[in-house]
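Asker: Below are the structure tokens for one structure; questions will follow.
The values are calculated or read from the model by the stated rules, or taken from the named source; none is laboratory data. These numbers come from a predicted model, not from an experiment. Cβ: placed from backbone, ideal geometry, glycine included. Neighbour counts: every protein chain shown.
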Amino acid sequence: MTVIPFSGQYAVWLGYDQDSRKSARLGQRVTLPNIRPLYLNFALWLHSEESCDVPYYDALTVYINGTVAAKNDSVCRGTVADQWQKVSVDITLLAGTVATFVFEISSVDSLASVALLDDIALSERAWGQ
């Protein structure tokens, strides 16, 4: 799979690789600005080989301080767009604090699911506003 980054030259690849991993995480601890409103914005490309005709699916989860802030628990071929999407998560309640962000993609079997992340940023505006 070849994907052009959303912007610039690089994007983060999370998920299936030659080692057949079933989950991958990327995280960072950040001191958040004390502005309101406050959003975590990022560009996301999801790709999956997972079939949608099973009772379980792969998942993409965003954790903030260990709590689920956003989750797509039905990642499969029929639910992913195979194109860049702009995602915004309202984190206003955390403004002015230190927070740990973790992006995780997990697979329930050997079929590949991949998340590409780009342009991860904090902003006073959600994308599209």
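Asker: I'm told PHE103 meets every condition in (1) within 18 Å of TYR16 (Cα to Cα); (2) modelled with pLDDT of 90 or more; (3) touching a Phe, Trp or Tyr at 6+ places or on another chain (Cβ under 7 Å) except one. Can you identify the failing condition by its number?
Answerer: For PHE103, the exception is condition (3).
Asker: Shifting gears a bit: Among the residues in region 42-60, are any surrounded by 13 or more Cβ atoms within 10 Å (Cβ to Cβ), modelled with pLDDT of 95 or more and part of a loop (DSSP other than H, G, I, E, B)?
Answerer: No; the residues of region 42-60 include none that is surrounded by 13 or more Cβ atoms within 10 Å (Cβ to Cβ), modelled with pLDDT of 95 or more and part of a loop (DSSP other than H, G, I, E, B).
Asker: Can you tell me which condition GLN83 does not meet? The list is (1) in a loop (DSSP other than H, G, I, E, B); (2) at pLDDT 95 or above; (3) under 17 Å from TRP127 (Cβ atoms), and all the others hold.
Answerer: Evaluating GLN83 over (1) in a loop (DSSP other than H, G, I, E, B); (2) at pLDDT 95 or above; (3) under 17 Å from TRP127 (Cβ atoms) leaves (2) as the failure.
Asker: Name the residue, out of GLY15, GLY27, that is in contact (Cβ under 8 Å) with a residue 60 or more places away in the chain, small (Gly, Ala, Ser) and surrounded by 17 or more Cβ atoms within 10 Å (Cβ to Cβ). Quick ask: steps written out before the conclusion?
Answerer: Working: GLY27 fails: surrounded by 17 or more Cβ atoms within 10 Å (Cβ to Cβ).
So the residue among GLY15, GLY27 that is in contact (Cβ under 8 Å) with a residue 60 or more places away in the chain, small (Gly, Ala, Ser) and surrounded by 17 or more Cβ atoms within 10 Å (Cβ to Cβ) is GLY15.
Asker: May I ask you to verify whether TYR16 is farther than 28 Å from ILE91 by Cβ, touching a strand residue (DSSP E or B) at 6+ places or on another chain (Cβ under 7 Å) and at pLDDT below 90?
Answerer: In short, yes.
Asker: Quickly run through region 9-41 and pick out the residues that are outside any strand (DSSP E or B) and either over 18 Å from the mean Cα position of the chain (by Cα) or among the aromatic types (Phe, Trp, Tyr) (or both).
Answerer: Hits for region 9-41 are GLN9, TYR10, TYR16, GLN18, ASP19, SER20, LEU32, PRO33, ASN34, ILE35, ARG36, PRO37.
Asker: Additional query: For region 30-41, indicate whether the set of residues that are in contact with a Leu (Cβ under 9 Å, 6 or more places away or on another chain), at positive phi and surrounded by fewer than 19 Cβ atoms within 10 Å (Cβ to Cβ) is non-empty.
Answerer: No, region 30-41 contains no residue that is in contact with a Leu (Cβ under 9 Å, 6 or more places away or on another chain), at positive phi and surrounded by fewer than 19 Cβ atoms within 10 Å (Cβ to Cβ).
Asker: Looking at (1) touching a Ser or Thr at 6+ places or on another chain (Cβ under 8 Å); (2) free of Cβ contacts under 8 Å to residues at least 60 places away in the same chain, which is the only condition VAL89 fails?
Answerer: (1)
Asker: Is at least one residue of region 91-102 outside any loop (DSSP other than H, G, I, E, B), under 10 Å from the mean Cα position of the chain (by Cα) and not β-branched (Val, Ile, Thr)?
Answerer: Among the residues of region 91-102, not one is outside any loop (DSSP other than H, G, I, E, B), under 10 Å from the mean Cα position of the chain (by Cα) and not β-branched (Val, Ile, Thr), which makes the answer no.
Asker: Name the single residue that is farthest from the chain's Cα centre (by Cα) among those in region 42-63 being closer than 10 Å to ASP109 by Cβ and not hydroxyl-bearing (Ser, Thr, Tyr).
Answerer: Residue satisfying both the conditions and the ranking: VAL54.
Asker: If you check ASP73 against the conditions, is it part of a strand (DSSP E or B), surrounded by 11 or more Cβ atoms within 10 Å (Cβ to Cβ) and of a type outside the set (A, V, I, L, M, F, W, C)?
Answerer: The answer is yes for ASP73.
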